[in-house]
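**Q** Please read through the structure below; I'll follow up with questions.
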Amino acid sequence: MNSIGKILGLACFTIFLKAYTQTTGNINVTLALPIVTLMNIEPSGNINLGFTAPAEAGRPIVNPAANSTKWINYTSAIASGGLTRNITASINQVIPGVDIKLQVAAASGSGGGSLGIPSAQVTLTTIPVTIISGIGGAFTGNGANNGHRLTISLLTNTYSNLAARTNTPVLITYTITE
């Protein structure tokens, strides 16, 4: 074959390949993302707080040191256009003469997304009070040192209402809501 024939043959072969070469493709992917509302307190276990008698007459009882060992962890996936979530706290009984205070810290640790905003310190009662608001699509990370640190403290409020008690359990209930 002469040079012109070779060039003409190569051009025809290239045009033939171009006509039958696929350069794109499509595939449909179906995506499912469930609505998720999960919350827990870490680490598990009880907290023991107790007042101390004064060492000298005429002095008040001594409030126990605040406890900051517990953390709220949550995972939240809301519906498109859905409401953000809140976390509330309440106690099962009020102890006369004693305030149970709860302070929630800003989220920290390995989480991400639209994490909630903690409220100012609250005094817990049998009526639920919002302690974290505005939770969107978010996760806090799991375990201690992830999520929102909880600080629980006991303070006397009215001395005339105080009565001696031993090992009185008070249950704090945390609830995540829309």
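The values are calculated or read from the model by the stated rules, or taken from the named source; none is laboratory data. Small disclaimer: the values here were computed from a predicted structure and weren't measured. Counting neighbours? That spans all protein chains shown, and the Cβs are built from the backbone with ideal geometry, glycine included. All accessible areas refer to the heavy atoms of the entire protein, side chains included, with ligands and DNA or RNA removed. Shrake-Rupley method; radii C 1.70, N 1.55, O 1.52, S 1.80 Å.
**Q** With just the Cα atoms defining each centre, how far is the stretch 164-178 from the stretch 78-133? Give it in Å.
**A** Cα centres, the stretch 164-178 to the stretch 78-133: 14 Å.
**Q** To continue, here is another question. Where in the stretch 18-110 are there chymotrypsin sites (Phe, Trp or Tyr not before Pro) that are in a DSSP coil and have at most 14 other Cβ atoms within 10 angstrom of their Cβ?
**A** Answer in residue order: 20.
**Q** Right, next: On C-alpha positions alone, give me the angle between the axis of helix 3-19 and the longest principal axis of the chain, in degrees, nearest 10.
**A** The helix 3-19 is inclined about 40 degrees to the chain.
**Q** Report P(r) for the chain: all Cα-Cα distances, bin width 10 Å, range 0 to the bin holding the largest distance, values in whole percent.
**A** 8, 27, 21, 12, 7, 5, 5, 5, 4, 3, 2, 1, 0
**Q** Counting only protein heavy atoms and a 1.4 Å probe, tell me what percentage of the stretch 71-178's accessible area is made up of carbon and sulfur.
**A** The C+S portion of the solvent-accessible surface of the stretch 71-178 is 54 percent.
**Q** Could you tell me the extents of the stretch 79-163's C-alpha atoms along the three principal axes, largest first, rounded to whole Å?
**A** Here the Cα extents, ordered largest to smallest, are 52, 27, 19 Å.
**Q** How would you rank 96-102, 160-166, highest first, on the average number of other Cβ atoms within 10 Å across their residues?
**A** With the highest mean Cβ count within 10 Å placed first, the list reads 96-102, 160-166.
**Q** Averaged over every viewing direction, what's the projected area of the C-alpha convex hull for the stretch 55-95? Give it in nm², one decimal, please.
**A** 5.9 nm²
**Q** Mind putting together the pair-distance distribution for the stretch 41-109? All Cα pairs, 5 Å bins, whole percent per bin, short to long.
**A** 3, 9, 16, 19, 16, 12, 9, 7, 4, 2, 1, 1, 0
**Q** With r as the distance between the Cβ atoms of residue 117 and residue 48 and R0 = 25 Å, compute the FRET efficiency 1/(1 + (r/R0)^6) and round to 0.05.
**A** 0.25
**Q** Add +1 for every Lys or Arg and -1 for every Asp or Glu among the other residues with Cβ under 15 Å from the Cβ of residue 52, and state the total.
**A** Result for the local shell: +1.
**Q** Please give the per residue accessible area of the stretch 86-178, computed with a probe of 1.4 Å over protein heavy atoms only, in Å².
**A** Value for the stretch 86-178: 50 Å² per residue.
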